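A quick write-up on the structure given underneath.
The values are calculated or read from the model by the stated rules, or taken from the named source; none is laboratory data. In this text, all values refer to a predicted model and were calculated from it rather than measured experimentally. In this analysis, Cβ positions are derived from the backbone assuming ideal geometry, glycine residues included, and neighbour counts consider all displayed protein chains.
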Amino acid sequence: MPDVKIIFPVIVLYRTHLREAQTYRTLLCNDSFTHFMIYDNSPEDHIVDTRLLDRRAVYVRDTKNSGLSHAYNYAGAYARQEGYTHLLILDQDTTFPPHAAEVYQNIASTCPLSAPSLHIGEKRPFSPVDVKGWTLKGVCLPPGEYPLTRFSPVNSGICVRLDLFNQAGGYDENVKLDYADFVFSRRLSPYHSVFRLLPFVAHQDFSDNVTDTVQLLRRLRLYLNSATNIRTTSFMEKAKIVYQTFRHTLSIGFRTRSLSPLTSYVRHFILKHPI
């Protein structure tokens, strides 16, 4: 176990026990990090025996599910207080290669902002995302430095120096879930214009196989509420958000064979986010 406080990881859990989380099993379960935070957004009916947790874990329970952005800001404040220099942002569903922790440790002292490539399955790129066009699309890029105004890493795997995190104001807590990573990149870009894409690929379990209409509509409302709270600075930015959310809503409508997603779109986005 390293004896210096450099990187402080935070893993956000929802209805998953720590030792079942792929991120823990592939990155955190060895002694590469002195301590890490578990920020558990699970509701009260999800029972956790904290006596069985990893001895290095700082456990935080938030049954109100205040959102990813709040969780990462909370962890950032804790890490600064404890004297760490970097925050490693993680979700529960990422599978890392065996050497990932070593790469993070080796690069931290010279790199303010880094992230790995993420794939869904073996070949479908998930991160970084090309944010310049009308649709958000994961792209395959070689390791190197890339501008945040063109490409954005998604949350899981971002390693950010805490003074930069603090300078940018952390995550926007009004954008609780979807779009949180893209808004975070935009907040960082005036203070550090590039991120370093690390020389390894992690794999994201992006569960898109939910068929229950109630669950899909609930998830759509969360998505739309996040999108509603994005602060746009131009008509073009606003138009892109409208296009992206409408396209996503239509896909949910086709999957559910229902007009309910369009009703949600009007109620939870258009009426709150007029063009």
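Couple of notes before you dig in:
- Residue within the stretch 228-250 that is under 27 Å from Arg161 (Cα atoms), out of contact with any Ser or Thr (no Cβ under 8 Å at 6 or more places or on another chain) and either not in a loop (DSSP other than H, G, I, E, B) or not β-branched (Val, Ile, Thr) (or both) present: yes
- Number of residues in the stretch 71-96 that are within 12 Å of Val10 (Cα to Cα) and either surrounded by fewer than 24 Cβ atoms within 10 Å (Cβ to Cβ) or among the hydrophobic types (A, V, I, L, M, F, W, C) (or both): the value is 14.
- When the stretch 62-120 is limited to residues that are touching a helix residue (DSSP H, G or I) at 6+ places or on another chain (Cβ under 8 Å) and charged (D, E, K, R), the one that is farthest from Leu18 (Cα to Cα) turns out to be Arg80.
- Residues that are among the basic types (Lys, Arg), free of Cβ contacts under 8 Å to residues at least 12 places away in the same chain and more than 21 Å from Ser69 (Cα to Cα) occur in the stretch 238-258; there is at least one.
- Test: Val58 is closer than 23 Å to Asp205 by Cβ, touching a strand residue (DSSP E or B) at 6+ places or on another chain (Cβ under 8 Å), modelled with pLDDT of 95 or more and part of a strand (DSSP E or B): no
- Residue-level analysis places Arg257 among those that are loosely packed, with under 13 Cβ neighbours inside 10 Å and either modelled with pLDDT of 90 or more or out of contact with any Leu (no Cβ under 7 Å at 6 or more places or on another chain) (or both).
- Looking at Glu122, Glu173, just one residue is within 16 Å of the chain's Cα centre (by Cα), in a loop (DSSP other than H, G, I, E, B) and surrounded by fewer than 20 Cβ atoms within 10 Å (Cβ to Cβ), and that residue is Glu173.
- Here Leu90 does not qualify as over 13 Å from the mean Cα position of the chain (by Cα), farther than 27 Å from Arg247 by Cβ and not acidic (Asp, Glu).
- For the stretch 137-161, filtered to residues that are closer than 19 Å to Asn106 by Cβ and touching a Pro at 6+ places or on another chain (Cβ under 8 Å), the residue that is surrounded by the fewest Cβ atoms within 10 Å (Cβ to Cβ) is Pro143.
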